[in-house]
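Student: Here you go, one structure.
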Amino acid sequence: MIIRSKPKSQPVSSEITKEADYVSRRRFIAGITAAGVGAAMIPAVRRDPESSAPLQDEPNSFDEITSYNNFYEFGLGKEDPAANAHSMVTSPWTVTVDGLCSNPGEYHLEDFMKPSALEDRVYRLRCVEAWSMVIPWQGFPLADVVRRAEPTGSARYVAFETLWDPAQMPERRWRPRNGWPYREGLRLDEAQHPLALLVTGLYGKTLPNQNGAPLRLAVPWKYGFKSIKSIVRMTFTEEMPATTWSATTPGEYGFFANVNPQVSHPRWSQARERRIGELRRRETLMFNGYADEVASLYDGLDLARWF
Ligand SMILES: Nc1nc2c(c(=O)[nH]1)N[C@H]1C(S)=C(S)[C@@H](COP(=O)(O)O)O[C@H]1N2
Ligand SMILES: [Mo]
């Protein structure tokens, strides 16, 4: 695991300055319109008076978010997705909705999104590898899509699949134990939670391919591998769906994958994490800091057993 060990130098280009403007403007607007989803907003940045290092949750730079990625279809290195994902054709894009629902169908991305309004959400992303970022996403609630699909009474989970097209995806050394495509899933109540976001952009720009264009999940209280990229299929199921990482290494990765500083990965502690661009380690927060919003989803669930 490669982690940048030096803090980034001060932004100089007008591009980055524009992004900073964008974030503060959107944060202000979010403060007015998204009051119902408190955790979507991140408190104003406080800086250490000595070192001027951010104390809270300064968003990572556009460059950090788009050059340090996990997207194994395009290679296993953190820089491989940025180098290789441009080969993926993201338009036109079709999303299939099927399984236990009254409104199955194949949708052009534009129709799949309608009539949801795009929202700006600044979320922390905590990878199971113990690094994290803060990302200003743009997207719409997964709950909107679930509602329109009208899951039937027996539906208890939603399964997701990433595009799998070997001609466009160069990774040849690794494959999930249950085969490509990359698969993920959520319990239906998790998918209906207002924090679960279908993402189409970041920093107000169209989502870059390496970040999962044109449509990916952001489930901020779970480890990053739950936030599946480049989604082409959503299937409502009664049984817990098989997912890429829990099928590949079941002793290490569970279906729930809620961020939990008290439950170690078998090969490393999850108590602390490194924010990309920082030297110091931060304490990992229960449910990645979204406990007030999501803890009640797991009342009565043994989180050590259902990791
Ligand atoms: N299809 C697909 N989705 C994926 C992955 C992947 O390899 N393939 N990696 C996951 C992991 S481990 C993380 S941490 C996040 C990283 O998202 P980012 O690169 O946008 O920061 O994407 C997740 N979604
Ligand atoms: Mo990850």
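Rule-based calculations on the coordinates, nothing more; no lab input. Keep in mind it's a predicted model, so treat the numbers as computed, not measured. A quick note on method: Cβ atoms are made from the backbone with ideal geometry, for glycine too, and the neighbour counts reach across all protein chains shown.
Student: At 7 Å along Cα-to-Cβ for each site, give me the label-to-label distance between Glu150 and Arg175 in nm.
Tutor: Result for the modelled spin labels: 3.9 nm.
Student: Taking the range 213-307, which trypsin sites (Lys or Arg not before Pro) meet the DSSP loop condition and have no more than 14 other C-beta atoms within 10 Å?
Tutor: Sparse-neighbourhood loop trypsin sites (Lys or Arg not before Pro): Arg267, Arg280, Arg305.
Student: For every other residue with a beta carbon closer than 13 angstrom to the beta carbon of Glu252, add +1 if it is Lys or Arg and -1 if Asp or Glu, then tell me the sum.
Tutor: Computed value for this residue: +1.
Student: Stokes-Einstein D for the range 19-298 at 25 °C, 0.890 mPa s, Kirkwood Rh over Cα pairs, in µm²/s?
Tutor: 128 µm²/s
Student: Compute the relative contact order of the range 19-298 as a whole-number percentage, counting only Cα pairs closer than 8 Å that sit 6 or more residues apart in sequence.
Tutor: After rounding, I find 20 percent.
Student: Let me ask something else. Quick one: Cα centre-to-centre distance for the range 163-228 and the range 251-307, in angstrom?
Tutor: Comparing the Cα centres of the range 163-228 and the range 251-307, I get a distance of 19 Å.
Student: Taking the range 135-181, which chymotrypsin sites (Phe, Trp or Tyr not before Pro) meet the DSSP loop condition and have no more than 11 other C-beta atoms within 10 Å?
Tutor: Those that pass, being in a loop and sparsely packed, are Trp174.
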